[in-house]
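**Q** Let me give you the structure first, and then I'll get to my questions.
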Amino acid sequence: MLNPKSGTDTINKDDMIENIVIVGGGTAGWMTAAGLSSMLGETGLKITLIESEAIGIVGVGEATLPHIKFFNDSIGINEAEFMAATAATFKLGIEFVNWGRVGDSYIHPFGEFGLANDGVGFHHYWRSMMDDEATGALDEYSLPIIASGMAKFKPPSEDMRSVHSTYRYAYQFDATKYAPFLRKHGESRGVKRIEGILTQVHLHPENGDITSVQLENGDIIRGDLFIDCTGFRGLLTQGALETGYDEWTNYLPCDRAVAAPCSSHGPLLPYTRATADTAGWRWRIPLQHRTGNGHVYSSQFISDDKAQKALVDALDGALLSEPRFLRFTTGKRKKLWNRNCISIGLSGGFLEPLESTSIYLIQEGITKLLEYFPNKNTLAIDRDEYNLLMDLEFERVRDFLILHYHATQRDDSDFWNYMRTMKIPDSLSEKMELFKARGRVAAYDRGLFLQPSWIAVYLGQRIIPNKWDDRVALLPKKEIKQHLAGLKQLMKQSAQQMPSHADYIAQYCPSKAVA
Amino acid sequence: MGNSIEAWLPAAYCCARLPSDDYQIILAETKGNTGGSDGDIVAKPSSKNLHHVLDIAEHDLGSKAHARPALAASIAIDNGLHIDLPFGHYGIDREGIEFQHLWKYSGSQKPLSEFNLALAMHKASVFLPEPPKGAPVYNYGYMLQEEGYINLLKSKARATHITADNITLQQSNGAIDKVICDGESLKADLYIDARHYNYAATNTNVTYTDGNAWQHNHLRITGGFDMLDHQSGMRLHRIQMAMERLFKLWPDREFAAVEIAEYNRLEASQSLHINDMNLLLQQQTQGCSNTLARKIKLFETRGRIAIEDYEIYSKAEWIAAFCAMGINAKNYDRLAHRINSDTLAQWIEQLQVAITNVIEQLSDKK
């Protein structure tokens, strides 16, 4: 019984997934193709991607989270080449304007606040001194926030003793250029691209699995596993498999967006801005060659015309193209992996772009697919685990997004009155109560947003803990004050020494689009 | 309240983390019930963090608690068999692929356990503080002599110390008002009840329920409930984790219900993991929790280890337990095919030879 030998079995050839068919190009399709071909291409897996130039891509997710660097690195993408090709800029966080109250502003940074002391989080010390004018805002103790304010950037240091090791970064890029960039990468690793429009999905008469898809020209493409990257339409998962959708519109009622690029204006900022409006919010994403803008709103509370006008009026550069409208329903597929079809990207769900989670959720879908890559005979077990983990991922992101809307004192519109007073999931209200009591953040070691992110949004949106950790009182106030002053000074000086974001980009990864 | 490690470790921990000018710690030591171990306790590698907090140096553990390095926890199961849960990895992962998949794919005739250097050293009773370069990694814990360890903890606990034959808790509205120790009244802000082996005998009117280790102003600390906890190193680890949780959620006299709920949530999650492992080791998997059933299914299918939030056991410990219980992976991760099979077979063989050589060299020097 003890210590069995491995045996000489290898995976039975008949059980192996040999053909994967990805339906839909765009960011989700080509990220999936690039990820799978990089990791499994050498194992004999054949990957076919079907897309049509006649069908536009949504091109969501111009702003990203730091995890994307890991994805790009793991599939061997050269950062400077990628940034130049997609006119990308660096991103140190997201600025939230007018969320707690009109006139408020804070940044959710990709990094830590201050330094913990003997197990007591920095924000407890800050909270104990926040009424002292010299203490200043919590933002003054975060290097990525200060650098953002100065439009500076420098890659983080690997030396853990350095204050420059306290942050990470993401990218802001032209999503319409990311997919073509990845296409080259995928095709060089054997991904077969087929130009065509899907007309029919064939199901197995007994088990209901997808056996093949048929194109407009009559070609039939067979596969063992199908990835639905057809966007909101979900042609495979919904159109053929009728998987169903869990709507979260009661928590996240924004259901439309209007997007419009404008010319660049002002310093090149290393952060995305999300400005709360009367029935939603507006994004501003600075790229090398232009600024991406959009207005996410709830059609229950504002008309399309008014939403467009609010967006165009707020542009800080010249409008470059006609505004484009998108419709969506917040939520997720009941089963992200149903039968032999996995929904990645918008076909799987959409939680609106407030915290730049769209591309992250695509990446997680790919990573987990690789982790639980099935054989034909283990598909059900791998599928169950995948769905369990992805559901958890979506729900934790959902709670974090709801927090932004719910933790507000705004009462200047019907939209904000609804958001402020709506019933929220228990999983979120428990977290909020814990923080209100004494600044504790509910502990999870999985999920996208960890302690510093929650602290940034709680405090940024005026959820100020009633109390703080008692052990703060063990240090004399004078000592805390000196420590805070020293830290603030260190952060400021460190940020000042960084090059400007624009200069760094010009040196490292200039885009031809700018020239 | 209590005795043995269950009481002295929290006392020493509180003394280390709280300044004596601001906090008074009283230990009401009960008699008997020394904790149920056979005189030795297993300290997992994570105990090094604990000893750092307690300012206990390794040489003190050696001289006062007769510490011997441990590279695995040996657990006796039925029929005279025993299982070793290793404190080190199986083989070496390559290109992000876990070793058990590579081993399975390679078709190696050597048992998986032979690729775990910690296990091999444990079996051969040899030791190196750090693995040689390029060998499977491990971290060592200790076997500690319980009495010496308790004395060491006592030396670190600047607690006011009383002994009591009989302790009674008096409570109102769920909170403890005072403790009566042999007729003498004792009042405190926070009560830590470490008398877990004699709950029934205390005849108190306080009822603890599962998952509610902390209620109002009293916190139950337990090192475990049976021999499995002792042998697997969970006794010390449970107490360590309880103290770390308490200090992350350090209360004031108002005892916020939300903080208590958070502590209990984490405690319940940890208990679930421990129960799952214990059920597996006792081969009582029929009708087990969903988490254990899922773990077994995933491992059996393809050698994957499902890891939960705040997982308490390492992947290697789960693999050892599954294999020992005859639950073997039928297949492996497809990613293993990324590595050329001949290259892999050669590398696996070299790895096994390297491990054997380490053991032989150390054995020669014994």
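**Q** If I go through the range A:474-506 residue by residue, how many of them are within 14 Å of chain B (Cβ to nearest Cβ) and free of Cβ contacts under 8 Å to residues at least 40 places away in the same chain?
**A** Qualifying residue count for the region: 3.
**Q** While we're here: Within the range A:425-448, which residues are farther than 18 Å from B:Phe247 by Cα and hydrophobic (A, V, I, L, M, F, W, C)?
**A** Selection gives A:Leu428, A:Met432, A:Leu448.
**Q** Please count how many residues of the range B:98-126 are buried (at least 23 other Cβ atoms within 10 Å of the Cβ), farther than 15 Å from B:Tyr332 by Cα, touching a strand residue (DSSP E or B) at 6+ places or on another chain (Cβ under 7 Å) and within 13 Å of chain A (Cβ to nearest Cβ).
**A** Here the count works out to 2.
**Q** To continue, here is another question. How about the range B:142-159: which of its residues are surrounded by 23 or more Cβ atoms within 10 Å (Cβ to Cβ) and under 27 Å from B:Cys323 (Cβ atoms)?
**A** B:Tyr142
**Q** Just the residues that are under 25 Å from B:Ser125 (Cβ atoms) and open to solvent by less than 50 Å² (accessible area, probe 1.4 Å), please, taken from the range B:326-355.
**A** Selection gives B:Leu351, B:Gln352, B:Ala354, B:Ile355.
**Q** Is one or more of the residues making up the range A:379-398 of a type in the set (S, T, N, Q) and under 30 Å from A:Ser105 (Cα atoms)?
**A** There is no residue in the range A:379-398 that is of a type in the set (S, T, N, Q) and under 30 Å from A:Ser105 (Cα atoms).
**Q** Filter the strands (runs of 3 or more DSSP E) completely within the range A:158-256 down to those with at least 2 residues that are surrounded by fewer than 19 Cβ atoms within 10 Å (Cβ to Cβ) and at negative phi.
**A** Qualifying strands (runs of 3 or more DSSP E): A:192-195, A:198-203, A:210-215, A:220-222, A:245-247.
**Q** In the range B:231-253, how many residues are within 13 Å of chain A (Cβ to nearest Cβ) and either in contact with a strand residue (DSSP E or B) (Cβ under 6 Å, 6 or more places away or on another chain) or farther than 23 Å from B:Ala72 by Cα (or both)?
**A** Going through the range B:231-253 one residue at a time, the tally reaches 11.
**Q** Another question, then. Report yes if B:Tyr332 is among the aromatic types (Phe, Trp, Tyr) and out of contact with any Phe, Trp or Tyr (no Cβ under 6 Å at 6 or more places or on another chain), otherwise no.
**A** no
**Q** Could I ask something else about it? Provide a single number: the residues in the range A:452-462 that are surrounded by fewer than 17 Cβ atoms within 10 Å (Cβ to Cβ) and on the phi < 0 side of the Ramachandran plot.
**A** 0
The rows are residues; the columns are (1) of a type in the set (Phe, Trp, Tyr); (2) in the same structural domain as A:Ser142 (by TED's automatic domain parsing).
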| position | (1), (2) |
| --- | --- |
| A:Ile68 | no, no |
| A:Asn72 | no, no |
| A:Ala84 | no, no |
| A:Ser105 | no, yes |
| A:Phe113 | yes, yes |
| A:Ala116 | no, yes |
| A:Val120 | no, yes |
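**Q** To continue, here is another question. Here are some conditions: (1) open to solvent by 50 Å² or more (accessible area, probe 1.4 Å); (2) in contact with a Phe, Trp or Tyr (Cβ under 8 Å, 6 or more places away or on another chain); (3) under 28 Å from B:Cys15 (Cβ atoms). B:Pro129 meets all but one. Which one does it not meet?
**A** (3)
**Q** Of all residues in the range A:93-117, count the ones that are out of contact with any strand residue (DSSP E or B) (no Cβ under 6 Å at 6 or more places or on another chain) and either surrounded by fewer than 20 Cβ atoms within 10 Å (Cβ to Cβ) or at pLDDT 95 or above (or both).
**A** Final tally of qualifying residues: 8.
**Q** Can you name the residue in the range A:352-380 that is under 16 Å from the mean Cα position of the chain (by Cα) and β-branched (Val, Ile, Thr) and, of all such residues, is most open to solvent (accessible area, probe 1.4 Å)?
**A** The selected residue is A:Thr367.
For (1) within 14 Å of another protein chain (Cβ to nearest Cβ); (2) open to solvent by 50 Å² or more (accessible area, probe 1.4 Å); (3) touching a strand residue (DSSP E or B) at 6+ places or on another chain (Cβ under 7 Å), each residue gets a yes or a no:
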position	(1), (2), (3)
A:Arg383	yes, yes, yes
A:Phe400	no, no, no
A:Thr408	no, no, no
A:Ile424	no, no, no
A:Gly439	yes, no, no
A:Gly447	yes, no, no
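**Q** Given the criterion part of a loop (DSSP other than H, G, I, E, B) and in contact with a Phe, Trp or Tyr (Cβ under 8 Å, 6 or more places away or on another chain), identify the matching residue among A:Ile402, A:Ile424.
**A** A:Ile424
**Q** Follow-up. Looking at (1) of a type in the set (D, E, K, R); (2) in a strand (DSSP E or B); (3) in contact (Cβ under 8 Å) with a residue 60 or more places away in the chain, which one does A:Arg284 not meet, given that it meets all the others?
**A** So the condition that A:Arg284 fails would be (3).
**Q** Looking only at residues in the range A:483-503 that are among the hydrophobic types (A, V, I, L, M, F, W, C) and more than 30 Å from the chain's Cα centre (by Cα), which one is surrounded by the most Cβ atoms within 10 Å (Cβ to Cβ)?
**A** Per the criteria, the residue is A:Leu484.
**Q** Separate question: Run A:Gln461 past the list (1) under 22 Å from the mean Cα position of the chain (by Cα); (2) within 14 Å of chain B (Cβ to nearest Cβ) and report the number of the one that doesn't hold.
**A** Going through (1) under 22 Å from the mean Cα position of the chain (by Cα); (2) within 14 Å of chain B (Cβ to nearest Cβ) one by one, A:Gln461 breaks only (2).
**Q** From the list A:Gly111, A:Gly119, A:Gly76, which residue is within 14 Å of another protein chain (Cβ to nearest Cβ) and touching a Ser or Thr at 6+ places or on another chain (Cβ under 7 Å)?
**A** A:Gly76
The values are calculated or read from the model by the stated rules, or taken from the named source; none is laboratory data. Nothing here was measured: the structure is a model prediction, and the numbers come from that model. Note that we place each Cβ from the backbone using ideal geometry, even for glycine, and neighbour counts take in every protein chain shown. Ligands, DNA and RNA are excluded from the accessible area calculation, which covers all protein heavy atoms including side chains. Shrake-Rupley method; radii C 1.70, N 1.55, O 1.52, S 1.80 Å.
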